[in-house]
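Novice: First the structure, which I've put down as structure tokens, then a few questions once you've had a look.
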Number of protein chains: 2
Amino acid sequence: MQTEQAQLDRLFQSLADPYRRAMVTRLVEGPASMSELSAMLHLALPSTLKHLQVLENGGMVASSKQGRVRTFAIDKQGLAAMQAWLTEHQRQLNAGFDRLEALMRATPEENEP
Amino acid sequence: MQTEQAQLDRLFQSLADPYRRAMVTRLVEGPASMSELSAMLHLALPSTLKHLQVLENGGMVASSKQGRVRTFAIDKQGLAAMQAWLTEHQRQLNAGFDRLEALMRATPEENEP
């Protein structure tokens, strides 16, 4: 449970940065190398790597190495975990509004003489 | 655009903490006062307030004051903005996989004699 919470911390944290969101926006279209991402964002290689590591720790991105080139791709599990969290909370929120609505419909009748 | 990016930063950041997620989990069931949330999480009032302010800045939570009691409730716009971001990226990701699948279906035919 502790680990799951820490993983959710890293997941949400990984998207709390415009460069990292831009990387995800690029990577949902297909894998890319670090230098491609670095050029696209006009970001130095060390900064690019740092951001990619945050995304990888968050579970949003996975990397693989072929020869000297490391390629980054979307990790579908990260998006899925975030989607699951949101959907569950949206569901609870809607259920709450439904209860409130039912209550508001019920109340006038009780006040009738 | 700058403002929109900064708002998304604050939105994702606001959920990168287990106490703040627990507050959201409680608030999707209905509004609560600061002292209710403080008691539920065994958290001092100043820490509770600090976390609630981060959630309010992120657009996840809204507050209103009646007399001396400040009540916090879910701001549906925050959840909706996050949902919109995720849905768009999920859609792009699926489109990418569809393209890849089409490519893989096409390739064997090209290799046939």
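Novice: For the range A:25-33, check the following and say yes or no: at least one residue is out of contact with any Gly (no Cβ under 7 Å at 6 or more places or on another chain) and within 20 Å of B:Arg10 (Cα to Cα). If you could, list the steps in order and put the result at the bottom.
Specialist: Quick first cut of the range A:25-33, residues out of contact with any Gly (no Cβ under 7 Å at 6 or more places or on another chain) only: A:25-27, A:31-33.
Subset that is within 20 Å of B:Arg10 (Cα to Cα): A:25.
Yes, the range A:25-33 contains a residue that is out of contact with any Gly (no Cβ under 7 Å at 6 or more places or on another chain) and within 20 Å of B:Arg10 (Cα to Cα).
Novice: Do you know which of the residues in the range A:1-48 that are among the aliphatic types (A, V, I, L, M) and touching a strand residue (DSSP E or B) at 6+ places or on another chain (Cβ under 9 Å) is farthest from the other protein chains (Cβ to nearest Cβ)?
Specialist: Step one: of the range A:1-48, the residues among the aliphatic types (A, V, I, L, M) are A:1, A:6, A:8, A:11, A:15-16, A:22-24, A:27-28, A:32, A:34, A:37, A:39-41, A:43-45.
Adding the requirement that they be touching a strand residue (DSSP E or B) at 6+ places or on another chain (Cβ under 9 Å) leaves A:23-24, A:27-28, A:32, A:34, A:37, A:40.
On the way: A:Met23: 11, A:Val24: 6, A:Leu27: 9, A:Val28: 4, A:Ala32: 12, A:Met34: 19, A:Leu37: 16, A:Met40: 16 Å.
So, considering only residues that are among the aliphatic types (A, V, I, L, M) and touching a strand residue (DSSP E or B) at 6+ places or on another chain (Cβ under 9 Å), the one farthest from the other protein chains (Cβ to nearest Cβ) is A:Met34.
Just so you know, all these numbers are worked out from the coordinates, no wet-lab data involved. Remember, it's a predicted structure, so these values are computed and weren't measured experimentally. Backbone-built Cβ (ideal geometry, glycine too); neighbour counts: all protein chains shown.
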